[in-house]
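The values are calculated or read from the model by the stated rules, or taken from the named source; none is laboratory data. These numbers come from a predicted model, not from an experiment. Cβ placement follows ideal geometry from the backbone for every residue including glycine, while neighbour counts extend to all protein chains displayed.
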Amino acid sequence: MKDNTILHVDQNAFYASVEMLKNPSLRRVPCAVAGDPVNRHGIVLAKNQQAKDAGVKTGEALWEARQKCPDLVFVPPDYPSYLYYSRLARELYHEYTDRVEAFGIDECWLDLEGCPEEDGTVIAEILRERMKKEFGLTVSVGVSWNKIYAKLGSDLKKPDAVTVITQGNYQQVVYPLPVDKLLYVGRATYRKLRRIGVRTIAELVALGPDFLRELFGVVGLSLYAFAAGLDTSEVEKAGRAVPIKSVGNSITTRHDLYTAEDIKAVTYMLSESVASRLRDAGMAARTVQISMRDYQLNNFERQTPLDLPTQLCSEIAPAAFSLIMQNFKEGQWIRSLGVRACKLVDASKLKQVSFLPDEKRRAAVLRLEDTMDTLRSRYGGLSVRRGISLVDSSLTGHDIKSENVIHPIGFFGP
């Protein structure tokens, strides 16, 4: 095994911690950063220790959190402030290494290769103390020789702690843990493993790479490597662009959707943001995917290929709407809706198929949508709107693109 020293730094309850820095009175009450209860953007994004002690969990609905903790104070998210403190933290990390790879807004891996202080535990403790003293924030740090175990270490002790996983203790520390503690073991993978009796990381390793490949395909080999401490992925240097695998937006609407008109209006609003973000990234989509959750909280996803790779709302939205209506049942009330562009390609490398009769029309539509992007960036996301978005402003009066925060994409895809 390669003798690396990799840290994973995780800012504890990051959103809630920043809110308590801005408003110290929140330290004395249970509080949670959450979406707008009026508009039913209904999940807890982060919570402080008092809320955690009351049983509030990240990701649960606001009404569930309120039932557990009647005195819970909800605070709306302030993404500019979170980005500011995230940037300060990364500047601090750069004092120790140029290999700093972000994993979301509040987590980073650091490779200490070439660092004057070779003892990763010492550096981890220094970072922990400096974050607390200079910014008023606490972090948990995992120290190991690979990224997966470093991340696992930062999750084991919270808040304000350092956990070291070495080649001498990993079987005692890692192997007894529940298998879903392993990074990238999501709900579907976890259910499949549970069905065959796998509950711990040790039991996953015991299956061996050949069996896991038979069960999960090539992904099974990665799962085995992650579990057994054989991950060799490198910490990327700061500034390296992370490949975009998909672009999507979703929303929990202010009221349930049950008419085609309302569904179409929300679909176009989401598709506008997706298409604009594709153009910003210089990418085009070959597939569109929709996700729906109804009033009974049943979830499902569907996807369909597009005739041509595209970055046009005028092509993504109709495909998404058609897919939704094919799967929409009369009497069904949709509570949450999402549109995602997948199987992306570099738009600059697409060959212009000039003999197609509608190619000139597509080029004209692209110029129009580019112009709309420019106007919105100048005067606000709601300065230029499609007529369909005026049907019900309570549904479509959102600047989805500016409200969007991009989260890390899993190793195995979106």
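Key figures for this structure:
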item	result
Top-ranked residue of the range 45-60 - restricted to ones that are crowded, with 18+ Cβ neighbours inside 10 Å and farther than 10 Å from residue 33 by Cα, ranked as modelled with the lowest pLDDT	60
Filter result for the condition that a residue is within 26 Å of residue 252 (Cβ to Cβ), surrounded by fewer than 22 Cβ atoms within 10 Å (Cβ to Cβ) and in contact with an Asp or Glu (Cβ under 8 Å, 6 or more places away or on another chain), over 314, 276, 322	314
Answer residue from the range 290-300, given it is more than 19 Å from the chain's Cα centre (by Cα) and surrounded by 13 or more Cβ atoms within 10 Å (Cβ to Cβ) and is modelled with the lowest pLDDT among those	295
Flag if residue 287 is in a strand (DSSP E or B), modelled with pLDDT of 85 or more, surrounded by fewer than 17 Cβ atoms within 10 Å (Cβ to Cβ) and touching a helix residue (DSSP H, G or I) at 6+ places or on another chain (Cβ under 7 Å)	no
Among residues of the range 363-390, those that are free of Cβ contacts under 8 Å to residues at least 12 places away in the same chain, closer than 23 Å to residue 262 by Cβ and aliphatic (A, V, I, L, M), counted	1
Test: residue in the range 171-188 that is of a type in the set (D, E, K, R) and over 30 Å from residue 20 (Cβ atoms)	yes
Residue 197, sole failed condition from (1) small (Gly, Ala, Ser); (2) loosely packed, with under 15 Cβ neighbours inside 10 Å; (3) not in a loop (DSSP other than H, G, I, E, B)	(3)
Test set (1) of a type in the set (Gly, Ala, Ser); (2) over 20 Å from the mean Cα position of the chain (by Cα); (3) within 29 Å of residue 6 (Cα to Cα) - residue 104 fails condition number	(2)
Selection status of residue 335, among the basic types (Lys, Arg) and farther than 21 Å from residue 253 by Cα	no
Residue in the range 83-103 that is nearest to residue 123 (Cα to Cα), counting only those that are among the hydrophobic types (A, V, I, L, M, F, W, C) and modelled with pLDDT under 90	102
Restricting the range 304-346 to residues that are under 20 Å from the mean Cα position of the chain (by Cα) and of a type outside the set (A, V, I, L, M, F, W, C), the residue that is farthest from residue 263 (Cα to Cα)	343
Candidates 56, 44 - the one that is of a type in the set (Val, Ile, Thr), within 18 Å of the chain's Cα centre (by Cα) and closer than 21 Å to residue 25 by Cβ	44
Every residue from the range 180-224 that is small (Gly, Ala, Ser) and in contact (Cβ under 8 Å) with a residue 12 or more places away in the chain	186, 202, 208, 222
The range 253-273: number of residues that are closer than 22 Å to residue 326 by Cβ and surrounded by fewer than 17 Cβ atoms within 10 Å (Cβ to Cβ)	5
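So that you can scan it fast, the table gives a plain yes or no per residue for (1) assigned by TED's automatic domain parsing to the domain that holds residue 262; (2) within 18 Å of residue 364 (Cα to Cα); (3) not in a loop (DSSP other than H, G, I, E, B):
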{"site": "306", "(1), (2), (3)": "yes, no, yes"}
{"site": "317", "(1), (2), (3)": "yes, yes, yes"}
{"site": "320", "(1), (2), (3)": "yes, no, yes"}
{"site": "323", "(1), (2), (3)": "yes, no, yes"}
{"site": "329", "(1), (2), (3)": "yes, no, no"}
{"site": "332", "(1), (2), (3)": "yes, no, no"}
{"site": "337", "(1), (2), (3)": "yes, no, yes"}
{"site": "341", "(1), (2), (3)": "yes, no, yes"}
